[in-house]
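The block underneath contains the structure these notes are about, expressed in structure tokens.
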Amino acid sequence: MKKVQRDALKIIGLKVRTNNANGGKDIMALWENFNKLWLQPKNGKFYGVYCNYESDHTGDYDLFVWVEDSWEITIPDGEHVTLVAGEYTEFPVEGKMPESVFAAWQKVRSSDIKRSYQTDFEEYYFDGKNPPQAIVFIG
């Protein structure tokens with residue numbers, strides 16, 4: 001884990017309102033929809049953005065999945081969200097997806113870092129040749 005500064009970043013994508021109590025069903029369905037609409041990101045990066053937390057990790061929150069809003073694309077039912085600029089703690093994701101992402105979130109929940117519950121996100125890099133790589137950023 002290390003702390004990093006991130007600039008604000010506008011994202012456009014698909015959204016679901018969910019919580020951790022449903023075992024990730026809504027999250028997996030959202031990623032499946034993302035995969036059906038898949039476009040190779042120009043910079044190789046795509047995001048899972050967690051925001052609009054009702055309370056903490058036990059309450060409802062919004063999850064957005066997609067790309068930077070600098071693309072000139074139309075996404076059916078697409079919505080916008082902005083990653084809040086500021087300090088984030090990195091949790092590297094290692095191993096097979098999506099299991100390794102779930103494991104990273106388990107590390108987040110068991111850590112003693114202080115969370116703001118404003119914006120957390122997963123940043124994925126995919127070059128089209130190698131398996132995706134990811135980092136979870138906690139604000």
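Just so it is clear, none of the values below were taken in a lab; they were calculated from the coordinates. All values reported here derive from a predicted model rather than from experimental measurement. Because the Cβ atoms are built from the backbone with ideal geometry, glycine has one as well, and the counts that use them run over all protein chains shown.
Of the chain, which part is the longest with no GluC sites (Glu not before Pro) in a loop (DSSP not H, G, I, E, B) and with at most 12 other C-beta atoms within 10 angstrom? Longest site-free region, per DSSP loop and neighbour criteria: 1-53. Could you list, in their original order, any pairs among Lys10/Lys114; Lys2/Lys96; Lys15/Lys36; Lys45/Lys129; Lys2/Lys107; Lys15/Lys107 whose Cα atoms are separated by more than 19 Å? Beyond 19 Å: Lys10/Lys114; Lys2/Lys96; Lys15/Lys107. With a cut-off of 16 Å on the backbone N, the residues of the stretch 1-19 near the modelled label site 7 Å out from Ile135 along Cα-Cβ are 1-9.
Backbone N atoms of the stretch 81-102 closer than 19 Å to the 7 Å Cα→Cβ label point of Asp127 belong to residues 93-97. Placing dummy labels 7 Å off each Cα toward the beta-carbon, the span from Gln118 to Arg17 is 2.3 nm. The modelled label-to-label distance between Asn43 and Ser55, using points 7 Å beyond Cα along the C-beta direction, is 3.6 nm.
Amide H contacts of Ser116 (H built 1.01 Å from N, in plane; Pro and chain starts excluded): Gly139 sit under 5 Å, all sequence-distant by 5 or more or on other chains.
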